[in-house]
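Novice: Pasting a structure below so you can have a look.
The values are calculated or read from the model by the stated rules, or taken from the named source; none is laboratory data. These numbers were taken from a predicted model, which means no experiment stands behind them. Please note: Cβ atoms are built from the backbone with ideal geometry, for glycine as well, and neighbour counts cover all protein chains shown.
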Amino acid sequence: MNQEKTSVRRYLLWTFLTAWILQFITFFLYTKGNAAAGQLIMAGMMFMPALGFLLAGGKLKELGWKPQFRKNLRYYLAGWFLPAVLTALGAGLYFLLFPQHFDLSGQMLGPVLLAQLQAQGLTYPTYILISAIGCLTYAPLINTLVALGEEIGWRGFLYPQLKETYGRRKGLLLGGIIWGIWHWPLIFLIGYEYGFDYVGFPLTGMLLFCVFTIACGALCDFLYEKTSVIWLPSLFHGAFNAAATIPLAICAANTGSFRLLGPVPNGLLAGLPMILSAVYLLYKE
């Protein structure tokens with residue numbers, strides 16, 4: 001048991017240290033007006049849990065690399081399409097209650113991206129259609145390869161250790177909180193996910209993001225528990241990242257504190273379908 005605790009501490013040390021250094025580098029790049037390079041650094045940050053896994057003595061071969069498609073077909077379908085369904089339900093609920101935020105002018109994309117679309121002969125509705133098709137087809141698969149870097153560490157190493165030590169429910173709650181805190185410098189420094197113009201910045205954004213990571217982490221862990229295949233939580237994670245771009249693209253810009261509610265699942269209102277799904281799984285199991 002002491003050896004396991006030492007491994008967890010070592011994992012957390014390296015995972016947080018390396019990721020937070022990269023988050024401060026991202027902030028520096030953003031202040032210099034180089035957001036594109038900052039985005040690349042953030043993508044690289046997603047592999048730091050995998051690095052922490054290796055430095056803590058984790059064994060990659062034990063994570064479950066054989067896809068076992070036939071055996072786990074229903075879980076692959078859930079991992080691929082359920083994020084889009086939950087995201088659409090949450091966005092629909094948000095825009096139903098706040099119809100004034102539903103916007104098809106493309107102002108959320110910004111003038112630069114709109115100009116680039118026009119230069120390519122694409123209209124804004126065409127861009128939305130292409131993005132929607134992408135989030136249901138190829139985007140989850142591409143994002144899986146990036147999300148894998150996180151899932152190796154969180155679901156492949158930390159969550160099993162926490163569940164063994166504290167029990168399943170407490171382990172999932174604690175794991176989700178840790179996963180959320182891992183993102184906190186970005187929320188404070190560059191307004192990650194919620195911007196800067198909301199009530200209680202940055203504390204409310206930090207706490208709310210932990211609600212999201214608890215729910216999302218529970219769903220990812222469910223897929224891993226049921227299949228013992230590391231590709232499944234990675235697919236689910238990647239599919240959520242893909243689906244979340246659509247509600248933002250059809251939302252009015254600068255919604256201020258309403259961003260804490262939606263329209264993407266890390267908002268409290270738009271996140272209700274995912275939160276309720278996670279609660280159901282926690283108590284059903």
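Novice: Just for segment 7-51: of the residues that are of a type in the set (Val, Ile, Thr) and without any contact (Cβ under 8 Å) to a residue 24 or more places away in the chain, which one is surrounded by the fewest Cβ atoms within 10 Å (Cβ to Cβ)?
Specialist: Applying the filter and picking the extreme gives 31.
Novice: So, residue 171, is that one within 21 Å of residue 5 (Cα to Cα) and free of Cβ contacts under 8 Å to residues at least 24 places away in the same chain or not?
Specialist: yes
Novice: Something else about it: Has segment 30-37 got any residue that is more than 22 Å from residue 192 (Cα to Cα) and in contact with a helix residue (DSSP H, G or I) (Cβ under 7 Å, 6 or more places away or on another chain)?
Specialist: no
Novice: Further question: I need every pair where a residue in segment 92-112 that is closer than 17 Å to residue 256 by Cβ has its Cβ under 7 Å from the Cβ of a residue that is among the polar types (S, T, N, Q), sequence separation at least 6 or different chains.
Specialist: 101/255
Novice: Take the conditions closer than 22 Å to residue 43 by Cα and of a type in the set (Phe, Trp, Tyr) and apply them to residue 201. Does it pass?
Specialist: no
Novice: Listed residues 244, 239; which is modelled with pLDDT under 95, within 16 Å of residue 137 (Cα to Cα) and out of contact with any strand residue (DSSP E or B) (no Cβ under 8 Å at 6 or more places or on another chain)?
Specialist: 244
Novice: Quick check: anything in segment 212-230 free of Cβ contacts under 8 Å to residues at least 40 places away in the same chain and either surrounded by fewer than 21 Cβ atoms within 10 Å (Cβ to Cβ) or farther than 27 Å from residue 131 by Cα (or both)?
Specialist: Yes; the residues of segment 212-230 include at least one that is free of Cβ contacts under 8 Å to residues at least 40 places away in the same chain and either surrounded by fewer than 21 Cβ atoms within 10 Å (Cβ to Cβ) or farther than 27 Å from residue 131 by Cα (or both).
Novice: Search segment 149-181 for residues being surrounded by fewer than 23 Cβ atoms within 10 Å (Cβ to Cβ) and of a type in the set (A, V, I, L, M, F, W, C), and hand back the single one that is farthest from residue 77 (Cα to Cα).
Specialist: That would be 181.
Novice: Out of all the residues in segment 40-61, which are assigned to a helix (DSSP H, G or I) and either of a type in the set (Ser, Thr, Tyr) or within 18 Å of residue 176 (Cα to Cα) (or both)?
Specialist: 45, 48, 49, 50, 52, 53
Novice: In segment 98-115, how many are part of a helix (DSSP H, G or I) and surrounded by 13 or more Cβ atoms within 10 Å (Cβ to Cβ)?
Specialist: The number of residues fulfilling the criteria is 6.
Novice: Can you go through 129, 122 and tell me which one is out of contact with any His (no Cβ under 6 Å at 6 or more places or on another chain) and either closer than 25 Å to residue 256 by Cβ or not in a loop (DSSP other than H, G, I, E, B) (or both)?
Specialist: One residue alone meets the criteria, 129.
Novice: So, restricting to helices (runs of 4 or more DSSP H) that lie completely within segment 169-274, which ones have at least 3 residues that are over 26 Å from residue 127 (Cβ atoms), in contact with a Leu (Cβ under 9 Å, 6 or more places away or on another chain) and aliphatic (A, V, I, L, M)?
Specialist: 203-227
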